[in-house]
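Here the structure comes first, spelled out in structure tokens, and everything after it is commentary.
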Amino acid sequence: MARIKIARLIAVGDRPDSVHVRHILLSTGKTRTLDAAKHQADSLIKIIKSGTPFATLAMANSDDQGSAKIGGDLGWFPEGKMVVPFNNACFTGKKGDIKTAETTFGIHIIEILAQSKDTRKYILDTLTGKLHRAL
């Protein structure tokens with residue numbers, strides 16, 4: 001019996017290797033519903049777009065107390081380090097974008113501060129199995 005592995009190319013694209021972002025987390029659960037978090041996120045985005053500094057709003061509104069103290073700054077991180085919806089928002093946007101992501105933690109408002117140079121990325125799907133030979 002031989003082991004086989006089959007790979008299929010799903011997608012190809014150019015994406016940065018790492019990003020520098022800050023965020024505002026509006027957690028959901030006991031104190032805030034998902035709908036309330038989405039509504040608050042929409043309101044905060046309007047305030048950001050009207051000129052209020054993102055860092056100021058992060059310090060006053062983010063439920064991520066670790067990053068809220070420093071204006072929501074998460075520093076630089078590579079692709080795949082964060083939960084998938086957050087990761088995708090960070091790595092599909094461009095520098096200066098304000099994006100939102102819904103995760104198990106709640107609603108995130110994300111500002112993309114900087115990105116490394118784009119590199120070619122390949123997404124593969126793999127299947128591993130055993131090959132049985134007939135005699």
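The values are calculated or read from the model by the stated rules, or taken from the named source; none is laboratory data. A quick note: this is a predicted structure, and the numbers were derived from the prediction, not measured. When we count neighbours, we look across all protein chains shown, and the Cβ atoms used for this are built from the backbone with ideal geometry, even at glycine. Remember, those area values only see protein heavy atoms, side chains included, never the ligands or the DNA or RNA. Shrake-Rupley method; radii C 1.70, N 1.55, O 1.52, S 1.80 Å.
Give me the pairs: first residue in the stretch 74-88 and closer than 23 Å to M59 by Cα, second residue among the charged types (D, E, K, R) and part of a loop (DSSP other than H, G, I, E, B), beta-carbon distance under 8 Å, and six or more apart or on different chains, which are they?
Once the first residue is closer than 23 Å to M59 by Cα and sits in the stretch 74-88, its partners that are among the charged types (D, E, K, R) and part of a loop (DSSP other than H, G, I, E, B) give N87/E79; N87/K81.
Out of the strands (runs of 3 or more DSSP E) lying entirely within the stretch 45-135, which hold 1 or more residues that are among the β-branched types (V, I, T) and open to solvent by 80 Å² or more (accessible area, probe 1.4 Å)?
On the way: elements: 73-78, 98-103, 106-115, 118-131.
Counting at least 1 such residues, we get 118-131.
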